[in-house]
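**Student:** Handing you a structure now.
The values are calculated or read from the model by the stated rules, or taken from the named source; none is laboratory data. Here the structure is a predicted model, which means the values were calculated and not measured. When we count neighbours, we look across all protein chains shown, and the Cβ atoms used for this are built from the backbone with ideal geometry, even at glycine. These area figures cover heavy atoms from the full protein model, side chains too; ligands, DNA and RNA do not enter into them. Shrake-Rupley method; radii C 1.70, N 1.55, O 1.52, S 1.80 Å.
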Amino acid sequence: MSFYRQAQAAVLDALPRLRKLQVPTRRPDDYFAEMAKSDQQMQKIRVKLKSKQEAMERSEKAKQLRAMRKYGKKVQTEILQRRQKEKKNMLNAVKKYQKGLSDKLDFLDEDQTSQGNKKGNASQRTKKGPNAKRRYKNQKFGFGGKKKGSKWNTKESFNDVSSFQSKVAHNKGPGRTGKGGKKALNKRPGKRARQKMKNRAR
């Protein structure tokens, strides 16, 4: 500390003298001084600092995960304990009712209300009515009921020939020639005919 104080006093005494003699005491802005440590050494230091920082971040994340798991486990155990307690109380109430010690059925109301809360969203959806996909399927396939035998012929439908068309049934309608009802103009020539046509074009 004595050496530091002595050097400080010398600097404070020397600076005003140098300024009077117009001797520069500050280095210029474009002054280039070589570093005391090499670039390789500084690169090693940077890598070490970076790895240390990453290790600290990993440890912090691990601590947070452990805390979250601990909290989640605690919540899960509390839920299980509450369910077991409710189940135990309900079984005791049922036993008392069976033995005739109690004539109250409040536990059934509690069970129904808990189930109603769980199915609240589903009931709201059903009140709104079926969606578009369900409506389309209902329109296409019907709403259930008897399906087998619904398309069987009866005596009346068998004897009814008012909608029968012989030309359509025997493929003799307008624009139909031969098998499949295709027009003759659209008929493709055979393989030999196509080969002859190619040879003529050559």
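**Student:** Suppose the chain between GLN76 and PHE32 were pulled fully straight at 0.36 nm per residue; how much longer would it get relative to their current alpha carbon spacing? Don't skip to the end; give the middle numbers.
**Tutor:** Numbers: separation 44, 0.36 × 44 = 15.84 nm, distance 6.54 nm.
Between GLN76 and PHE32, full extension yields 9.3 nm more.
**Student:** To the nearest 0.05, what FRET efficiency results for ALA14 and GLN53 with a Förster distance of 41 Å applied to their C-beta separation?
**Tutor:** Numbers: r = 43 Å, r/R0 = 1.04.
Efficiency at R0 = 41 Å is approximately 0.45.
**Student:** Taking the stretch 29-69 on its own, what percent of its Cα-Cα pair distances exceed 11 Å?
**Tutor:** Within the stretch 29-69, distances greater than 11 Å cover 71 percent of Cα pairs.
**Student:** Can you list the trypsin sites (Lys or Arg not before Pro) in the stretch 1-78 that are in a DSSP coil and have 14 or fewer other beta carbons within 10 angstrom?
**Tutor:** ARG26, LYS37
**Student:** Hey, got a sec? Which GluC sites (Glu not before Pro) in the stretch 1-96 land in a DSSP loop and have at most 12 other Cβ atoms within 10 Å?
**Tutor:** Here the sparse-neighbourhood loop sites are GLU34.
**Student:** Rounded to the nearest 0.05, what FRET efficiency is calculated for ARG69 and ARG46 with R0 set to 30 Å and r the Cβ-Cβ distance?
**Tutor:** Efficiency computed from Cβ-Cβ geometry: 0.30.
**Student:** Same structure, new question: Once the whole set of protein chains is in place, how much accessible area is left on SER38, using a 1.4 Å probe, in Å² to the nearest 10?
**Tutor:** 70
**Student:** For TYR4 and ARG194 in the same chain, what is the full-extension length gain: residue separation times 0.36 nm, less their Cα-Cα distance, in nm?
**Tutor:** Full extension of this stretch gives 57.3 nm more.
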